[in-house]
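The values are calculated or read from the model by the stated rules, or taken from the named source; none is laboratory data. All figures in this text were calculated on a predicted structure; none of them were measured in a lab. Backbone-built Cβ (ideal geometry, glycine too); neighbour counts: all protein chains shown.
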Amino acid sequence: MSVARRSLQIVAVIATLVIGVASMAVIVTQTTWFKEWLRGFIVRQAEDYVNGRLSIGRLDGNLFFGVELEDVDVTMTSGSTSPSSVSRRRPRGGRSRS
């Protein structure tokens, strides 16, 4: 077997593996399991940066064309005994899912 042929086979195997891994990543990011994991990850990471508590009710959409967050609630602890709450809901007239 020539060196050129062997090199071509190695490049073909590597390209196939890269395309396979990329395809699996695209498929996995569309699953409900991944979206729930990502929602939890965002909430956990926010604990380090938000002086309070972040909760996200639902994460929808996809990572390529836009992510939609529903029932986002930020409860700030500003040193007072009663936390203040800021809530953002889906605006009326938004897309409805059936």
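For the reader, a short list of remarks on this structure follows.
- Residues in segment 65-81 that are over 16 Å from Val50 (Cβ atoms) and at pLDDT 80 or above: Phe65, Gly66, Val67, Glu68, Glu70, Asp71.
- On the stretch given as segment 57-71, residues that are on the phi < 0 side of the Ramachandran plot and of a type in the set (Gly, Ala, Ser) total 1.
- Residue selected from segment 1-60 under the condition in contact with a Ser or Thr (Cβ under 7 Å, 6 or more places away or on another chain), in contact (Cβ under 8 Å) with a residue 24 or more places away in the chain and not small (Gly, Ala, Ser), by the criterion surrounded by the fewest Cβ atoms within 10 Å (Cβ to Cβ): Asn51
- Meets criteria (surrounded by 10 or more Cβ atoms within 10 Å (Cβ to Cβ), modelled with pLDDT under 90 and in contact with a helix residue (DSSP H, G or I) (Cβ under 9 Å, 6 or more places away or on another chain)) for Gly94: no
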